[in-house]
Amino acid sequence: MLPFIDKNDNQFNFVLTDEILRGLHVIDRKSQRDFGKGSTMQSEVDKNRCLISSLIEEAITSSQLEGASTTRKAAGAMLRSGRKPRNISEQMIYNNYLAINQIQRGTFKVKAKNAFM
């Protein structure tokens, strides 16, 4: 269990039970399987726009979980416009976005043998 502090400085715990994890796994697998299917996305342009938005949201969310401090709106605008990062938080988001893009395209390569050890 991880300790958390709410906005009133009260400590609370959050526990991921097996039942919750199974439910999240079902949601995750279904969303991956159904991504880009259906009548709501008519064209390749719509599919690409949705994919890019998903990659941007993932980059922002994961960076914020790691400590990046900026608004979703500002971070999204930076990535969509191609503006260079102005601070360490924006750099974290930018780096995450590049890595997620490379993984999605299958072009991500580990440059050092022991990079993840």
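Structure notes:
- Shape category assigned to the stretch 2-105 from the gyration tensor of Cα positions, a/c cut at 1.5: oblate
- With contacts taken as Cα pairs under 8 Å and at least 6 residues apart, the stretch 2-105 reaches a relative contact order of 20 percent.
- Phi angles of the stretch 76-91 translate, via the Karplus equation with coefficients 6.51, -1.76, 1.60 and θ = phi - 60°, into HN-Hα couplings of x, 4, 4, 5, 5, 7, x, 5, 6, x, 9, 8, 5, 5, 5, 5 Hz per residue; Gly and Pro are given as x.
- Protection-proxy order for peptides 89-101, 5-17, 55-67, each taking the mean of Cβ atoms within 10 Å per residue, highest first: 89-101, 55-67, 5-17
- What the Cβ-Cβ distance of Asp6 and Arg72 gives, at R0 = 22 Å and to the nearest 0.05, is a FRET efficiency of 0.55.
Any read-out appearing in this document is the output of simple, stated calculations on the displayed coordinates, not a laboratory observation. Owing to the predicted nature of the structure, the values given are computational and were not obtained by experimental measurement. Cβ: placed from backbone, ideal geometry, glycine included. Neighbour counts: every protein chain shown.
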